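Chemist: Please find one structure pasted underneath; my questions will follow.
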Amino acid sequence: MKKFVAIANAAAIAVAMTFSTGAVAGDAAAGKAKAATCAGCHGAAGVSNNPMWPNLAGQKAGYLVKQMKAFKDGSRKDPMMSPMAAPLSDADMDNLAAFYSGL
């Protein structure tokens, strides 16, 4: 029984770690190309020169995707970001997230 519990715990931890890292499979090179539009506010290297706009460089990919999806579906509203996120596909979001998380 102890062996079963140990295996079950290890499996639960592995699953939790997989989902908590927010792993996103995106193409960073495609994200860099798509990020040209983002650079106006968030900076070419993902570091904004205006304190009103957040830095994107080094953010976790899962967090970035979550925020872009929230802007797109309207669960998070912003007069500038909502229209920017509206045309993004899931692949675009994954690619942007891969690019910015890698900076």
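Computed from the coordinates by the stated procedures, all read-outs in this text should not be read as laboratory data. Nothing here was measured: the structure is a model prediction, and the numbers come from that model. As a convention, Cβ positions derive from the backbone with ideal geometry for all residues, glycine included, and neighbour counts pool all protein chains shown.
Chemist: If you go through the stretch 74-103 one residue at a time, how many are out of contact with any Ser or Thr (no Cβ under 8 Å at 6 or more places or on another chain) and assigned to a helix (DSSP H, G or I)?
Modeler: Final tally of qualifying residues: 16.
Chemist: Another question about this same structure. Filter the stretch 33-52 down to residues that are within 16 Å of the chain's Cα centre (by Cα), surrounded by 15 or more Cβ atoms within 10 Å (Cβ to Cβ) and in a loop (DSSP other than H, G, I, E, B), then give me how many there are.
Modeler: 3
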